[in-house]
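So the structure is just underneath, and the comments pick up after that.
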Amino acid sequence: MSENATHSAALVTDPVCGMQIDPQIAVTTREHDGTTFYFCSHGCAAAFDADPHRYGHPHAAQ
Ligand SMILES: [Zn+2]
Ligand SMILES: [Zn+2]
């Protein structure tokens, strides 16, 4: 067994394409409502910017 300690960080999900990525290699990030989202590409980040709430980001109805 050879688990690399540098790869022990939890993966995060790109909300646009659903890809699981290591936060350390994310191409770009966005902060929204106090949460940091990680993206595999600028295209995914742009899609998120256009409509953040379309991508698995529910809000409590107020
Ligand atoms: Zn929001
Ligand atoms: Zn993506």
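Values quoted throughout were computed directly from the atomic coordinates according to the rules given, and no laboratory measurement underlies them. In this text the structure is predicted, and so the values were computed from the model without any measurement.
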Karplus-derived HN-Hα couplings along the range 12-22 (A = 6.51, B = -1.76, C = 1.60, θ = phi - 60°), whole Hz, x at Gly and Pro: 10, 9, 5, x, 7, 9, x, 6, 8, 9, 7
Apply the Karplus curve 6.51 cos²θ - 1.76 cosθ + 1.60, θ = phi - 60°, to the phi angles in the range 30-35 and return the couplings in whole Hz, x for Gly and Pro. 9, 9, 8, 6, x, 10
Extension length gain for residue 54 and residue 19 (0.36 nm per residue less Cα distance), in nm, is 11.0 nm
